[in-house]
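For reference, the structure is listed below as C-alpha cells.
The values are calculated or read from the model by the stated rules, or taken from the named source; none is laboratory data. All values reported here derive from a predicted model rather than from experimental measurement. FYI the Cβ positions are ideal-geometry reconstructions off the backbone, even for glycines, and counts take in every protein chain you see.
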C-alpha cells in the first residue's frame, strides 16, 4: 500500500459519520449543552418524556436566587391543591425569569460596570457619589463614562440612589454573589518579531 492509498484510507476514516459526529459534538459542545437545557419535552413513537418545572429558587455555584413572596390576585377561588400548583408554577416562572436576567447581565454589562458593582458590594453596599468619583477618577477619567456606569447599574436595579448616597440593592448583592468573582483578564500577547 503506497502513500496515496494510505492518505485516502485515513481521509475515509476521518470523514466517516461517527468520527465527524464526535468532532462536531466537541466543537459545538457549549451550544449543544445550551440547547439541551432548553428542551422541556421529548417525544419518540411510544414514549414521551417531560422535564419538570424549575424549582422555586434557582441555584448556581451554591448560591440561591431569593424571590419575593408571591401574591395572587384577590378574589381568586381555588381549591388548596390547585392554589399550590398555581403558586409553584408562578414561582418557577419567576425563578426562570430571574435566572435569564442574570445571564443577560453577565453577557451585556461591560466589565468596568461589573467591577464597579463588585467594588460597591465590597464596601458594605453604601457609599456617596463624591467618594465614588474620587475612587474611580484615576481609573475611569471620563466623567460621562462614570455616570453611564451608575446609570446602567441603576437601570437594572442593582443600585439605588438616594440623593448623594449610592446603595447596592438586594438584587445587586444577589446578582454579584450569583455571578461569583470576575474571571481575570487574559494576558496581552506580544507579537514575536
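Observations on the model:
- Enumeration of residues in region 118-137 that are assigned to a helix (DSSP H, G or I) and touching a residue at least 40 places away in the same chain (Cβ under 8 Å): 118, 120, 121
- Residues satisfying the stated conditions in region 138-165, i.e. outside any helix (DSSP H, G or I), closer than 12 Å to residue 116 by Cα and either in contact with a helix residue (DSSP H, G or I) (Cβ under 7 Å, 6 or more places away or on another chain) or modelled with pLDDT of 90 or more (or both): 140, 158, 159
- Residue in region 183-192 that is surrounded by 15 or more Cβ atoms within 10 Å (Cβ to Cβ) and either more than 17 Å from residue 103 (Cβ to Cβ) or in contact (Cβ under 8 Å) with a residue 40 or more places away in the chain (or both) present: no
- Answer residue from region 131-153, given it is loosely packed, with under 15 Cβ neighbours inside 10 Å and within 26 Å of the chain's Cα centre (by Cα) and is nearest to residue 108 (Cα to Cα) among those: 151
- Number of residues in region 119-130 that are modelled with pLDDT of 85 or more and either under 9 Å from the mean Cα position of the chain (by Cα) or surrounded by fewer than 14 Cβ atoms within 10 Å (Cβ to Cβ) (or both) equals 3.
- The listed residue being within 33 Å of the chain's Cα centre (by Cα), at pLDDT 75 or above and loosely packed, with under 10 Cβ neighbours inside 10 Å, out of 31, 68: 31
- The set of residues in region 71-117 that are at pLDDT 80 or above and not in a helix (DSSP H, G or I) comprises 109, 110.
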